Amino acid sequence: MAGAGTSKTGAGRFFEDYRLGEVIEHAVPRTVSGGERALYQALYPARHALYSSDEFARACGLPAAPLDDLIAFHTVFGKTVPDISLNAVANLGYAEGRWLKPVWPGDTLRAVSEVIGLKQNSSGRSGVVWVRSRGLNQRDEVAVEFCRWVMVRKNDAAAKAPEMAVPELAPVVPAERLVIPAGLDFTRYDFARAGERHRLADYAIGERIDHLDGVTLSEAEHMMATRLWQNTAKVHFDARARPDGHRLIYGGHVISMARALSFNGLANAQIMLGLNGGTHANPCFAGDTITAWSEVLDKAQTTAPGVGALRLRTVARKGDSGFDLRGADGKYLPEVLLDLDYWVAMPV
Amino acid sequence: MAGAGTSKTGAGRFFEDYRLGEVIEHAVPRTVSGGERALYQALYPARHALYSSDEFARACGLPAAPLDDLIAFHTVFGKTVPDISLNAVANLGYAEGRWLKPVWPGDTLRAVSEVIGLKQNSSGRSGVVWVRSRGLNQRDEVAVEFCRWVMVRKNDAAAKAPEMAVPELAPVVPAERLVIPAGLDFTRYDFARAGERHRLADYAIGERIDHLDGVTLSEAEHMMATRLWQNTAKVHFDARARPDGHRLIYGGHVISMARALSFNGLANAQIMLGLNGGTHANPCFAGDTITAWSEVLDKAQTTAPGVGALRLRTVARKGDSGFDLRGADGKYLPEVLLDLDYWVAMPV
Amino acid sequence: MAGAGTSKTGAGRFFEDYRLGEVIEHAVPRTVSGGERALYQALYPARHALYSSDEFARACGLPAAPLDDLIAFHTVFGKTVPDISLNAVANLGYAEGRWLKPVWPGDTLRAVSEVIGLKQNSSGRSGVVWVRSRGLNQRDEVAVEFCRWVMVRKNDAAAKAPEMAVPELAPVVPAERLVIPAGLDFTRYDFARAGERHRLADYAIGERIDHLDGVTLSEAEHMMATRLWQNTAKVHFDARARPDGHRLIYGGHVISMARALSFNGLANAQIMLGLNGGTHANPCFAGDTITAWSEVLDKAQTTAPGVGALRLRTVARKGDSGFDLRGADGKYLPEVLLDLDYWVAMPV
């Protein structure tokens, strides 16, 4: 159609459209409810008790069960897509992510991103854009924040490259910067109702946990999940977007699936506190069967009563291929889908 | 089974069962909640801010975000199916549709239809039934009303035809008959949060907008959507209902998909006010990829502060075939799925 | 992986792990909302008015529409899976089921089971476990209870068999033990809004009803439904779990589909009161088209105004093969999926 009828429509930003320090207010704020929670539980085998039961959450000092931390993450991520990653070639990484306020049914989230880094590729046809994105609730409190960087195409290869600036991002969120939800108290934590008896003290750094369960993915489910976060990237929905006719599954779908599968062995890893990093190592498609394993990377104390922090790597993979991550060439093995590094809250 | 065990079950009405002026109270009132909203957003790429965010709606003078206008439409339509279109051969058209009261979580909708026209076909084996259907809330206020006409089979070709009466239906709902939700005020409308900067003044009559995005449909999603409106027409759910083994997708699924896709270019077309007409030009099946374009047909003022009305044609089609609607023979092209004519509210 | 990384993960219980009289508190309490109701209506053609409309429920003496009785059943059943049926070879039967308190949006359900019977099979490699499971709300009231028995593998064939005890279970819940929701009054029941005119007096013992409609099942829908009840049995989600690559559909999905299909002919069978028995006669897979028929087994009075009890057999089958249940050999025909025996409340 060669551009006919496109004067009103958004084609997304290209690499040359970003400016360092620019603040982008993303569109379409979103009010969430028990409907999002029910759908989340229908789409993922999510069973962490603090998010499943108002009674369990109250016994832990919260007013009610919050919505899953990844609902907050995906909702904010989805809002950034039209401005950040509609023309992205690749989602390269995450850093410095923190959950700062729980999200409750009735809350309204909006998203704001700041451009914190820009670097044109040597080809001159694309560049890397670093942004720090924040999700704010209706009281303008930051509920979740994270940095991500994406490779974005240039619209005009001849366009002048923006000034180069590569941000220094912390390889790990320091434990003392993690924020525990106000009131949280695990001193009378009910391990039987949570589903497992293991507390922070039972996990050893370097320990690996095979989460055993597997889920075979379907087109309808990943599209519903991705739409639920108002993420509109064409490649997830339009079978014509890739030459092979496959719809690429949103990386966040794999994150949520891995986190939910990790219940088996990490049932008490109740709250996601920090996102240190993450790599979508290989594309994922309907028909793939996802399994997951985790490795304990670190442990830390917090100031909240009975609450410790555990740093985990959770890996999602196709099929069931052991704990191998990389081949002899140092690259991720083809069956590895996700390598996620994050902090959780757990009873000590 | 030749009728065994069917003395209690409803086979639906046939053409000879309708009487002019008859009022049919449809069964199964329905209370809606945030669950319907979340599912709507999971099933369609719906992003109009007024329906997504309580905060945005409050800034526009409403008490909270209403449920999508098409949730009200489909809920009422679904209730009419067992009495109107269970034995329909074709859904022929819509006219004189208006949304009169927003629907909020907690509201209960019921549906009533009046038979306003009847015309037996020359074959004597079927006839056209015109009805005016109304959806009423728990305060007996009409939330949505529309006329539609369907071709219905006769059970007994020898049955006497009912008296013929063809209603005169307005080709367009006059702008002065559109009803703006009480309190709506677009004078402080936030274009950044809504997602686009275009206001009523920026749209020209005759202008065409290509909405760019495409969605490939799946069986699970259209069945969940159709069931959500308690629409039970067999052909949408039972693969045995058609000789080709395809499940016919409910036309309303295509309407919602087209309306949601129209966000890209019509993000400020916040509220559906009137339904002037609509044709389901060709059947739609799982695997089809839907795209949409719109044409500005008219513009009008309203008495609400800052609120204008825009008359649109939105066309849903399979694949991406330009703006062509009809072939040399005057018939809809085979890739055209929907031709919808409606009024929306937009900031002036 | 030969057990590496599995010291923290639950492999489920084996036959030799159960003790007679043992009480198992199942993990992960669950708060339900309007989200579960909307999803239930999207997944099943559920239309019983008492569960669809707050207004209808109020006119029948209840404070609002409860959640579908099968939402309560599946939620409790799902909680028992990790402790009872993760290593089950077969789900053998149900008995003595009763719904004792309606479940409302906002309620939190937890589940407790008592081991009431144990019998090792002659092979010595498995045994039958009988449990009585109860779902309790946040006020520790029993909302639903039922017995079920499953065949469970032994982990170690040489392990000593537990003491044998086969419980005596009532073949039918006596009508006088059925519990009608407090306040229920059908004396001003609105048959038009409920969808059918048939009352208890119109049903004859021995009468059979063909529910006519059919639904073709999809992978995405049965997985979403099963996950919604936090039922994690691998065989429903992991295409690698069976040699044929099919995902086995949760038997409860068939129960809900059959109950919803039974609306056509049993629209006034509003409430499930008792579960006398049930057999999942054959496995069910995506692509199967489910139809259902019912037989009236008994009728009874209750002490609630205008409320009678009807005992039904509802049979779900693949395709449409008449009312035959068993072949000449006395075994269920291969197309029979479910044979359910239950009590419902209906206006007299």
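Details
- Evaluated over the Cα positions of the range A:271-348, the convex hull gives a direction-averaged projected area, one quarter of its surface, of 5.9 nm².
- Interface C-B: total buried accessible area of about 3300 Å², 1.4 Å probe, protein heavy atoms only.
- Counted by Cβ distance under 13 Å from A:Ala4, the other residues give a net charge of -3, where Lys and Arg count +1 and Asp and Glu count -1.
- All-pairs alpha carbon distance profile, chain A, 20 Å steps from 0, percent: 30, 60, 11, 0
- Between A:Arg125 and C:Val142, the distance separating the two model label sites (each 7 Å from Cα on the Cα→Cβ line) works out to 7.0 nm.
- Positions from the range A:177-200 whose accessible area shrinks by 30 Å² or more when the full protein complex is built, not the chain alone, probe 1.4 Å: A:Ala192, A:Arg193, A:His198
- In degrees, nearest ten, helix B:69-84 long axis to first principal axis of chain B (Cα): 10
- Projected label points at A:Ala192 and C:His246, each 7 Å from Cα along the beta carbon direction, are separated by 4.0 nanometres.
- Accessible area in square angstrom per residue, the protein assembly as shown, 1.4 angstrom probe: 34
- Highest to lowest packing among B:49-60, C:288-299, A:151-162, scored as the average C-beta count within 10 Å: B:49-60, C:288-299, A:151-162
- Carbon-plus-sulfur accessible fraction, the range A:38-132 (probe radius 1.4 Å, protein heavy atoms only): 49%.
- Placed amide H near B:Thr31: partners under 5 Å, 5+ positions off or other chain: B:Leu109, C:Ser53, C:Asp54
- Residue-averaged 222 nm ellipticity for the protein assembly as shown, from DSSP H runs of 4+ at -39500 (n - 2.57), nearest 500: -5000 deg cm²/dmol
- Loop-located GluC sites (Glu not before Pro) in the range A:169-257 (DSSP state not H, G, I, E or B) with no more than 16 neighbouring Cβ atoms inside 10 Å: A:Glu207.
- Bins of 5 Å from zero: percent of alpha-carbon pairs in the range A:191-279: 2, 11, 18, 19, 16, 12, 9, 7, 4, 2, 0
- Modelled spin labels at B:Arg199 and A:Asp329, positioned 7 Å past Cα toward Cβ, are 5.7 nm from each other.
- Principal axis box of the range C:210-348, alpha-carbon based, largest edge first, Å: 52, 39, 24
- Burial here means at least 10 square angstrom less accessible surface with every protein chain in place than with the chain by itself, probed at 1.4 Å; in the range C:216-232 the buried residues are C:Thr216, C:Ser218, C:Ala220, C:Glu221, C:Met223, C:Met224, C:Arg227, C:Leu228, C:Gln230, C:Thr232.
- Cα-derived Rg to Rh of the protein assembly as shown, Kirkwood definition: 0.96
- Sites C:Ala165 and B:Ala159 - FRET efficiency at Förster radius 56 Å, r taken between beta-carbons, to 0.05: 0.25
- Residues of the range B:242-284 whose accessible area, computed with a 1.4 Å probe over protein heavy atoms, drops by at least 20 Å² once all protein chains are present relative to their chain alone are B:Arg247, B:Asn264.
- Entries in A:Lys119/A:Lys331; B:Lys119/B:Lys318; C:Lys234/C:Lys318 that, when Cα-Cα distance is taken, lie over 28 Å: B:Lys119/B:Lys318
- Helix A:219-228 vs. chain A, principal-axis angle (Cα, 0 to 90°, nearest 10): 90
- Largest mean-square fluctuation among C:Arg125, C:Arg193, C:Arg208, in a Gaussian network model of chain C whose springs join Cα atoms under 10 Å apart, belongs to C:Arg193.
- The range B:245-307 pair-distance distribution - Cα-Cα, 5 Å bins, rounded %: 3, 11, 23, 23, 16, 11, 6, 4, 2, 1, 0
- Hydrodynamic radius of the range B:1-149 by the Kirkwood approach over all distinct alpha-carbon pairs: 17.0 Å.
- Measuring nothing but protein heavy atoms, the accessible surface of the range C:267-348 at 1.4 Å probe radius is 47 percent carbon and sulfur.
- Considering only A:Val215, C:Pro334, A:Gly277, the residue lying farthest towards the positive end of the dipole of the protein assembly as shown is C:Pro334, judged by Cα position with unit charges set on Cβ.
The values are calculated or read from the model by the stated rules, or taken from the named source; none is laboratory data. In this text the structure is predicted, and so the values were computed from the model without any measurement. Cβ sites come from the backbone with ideal geometry, for glycine too, and all protein chains shown count toward neighbours. Surface accessibility is based on the protein's heavy atoms, side chains included, excluding ligands, DNA and RNA. Shrake-Rupley method; radii C 1.70, N 1.55, O 1.52, S 1.80 Å.
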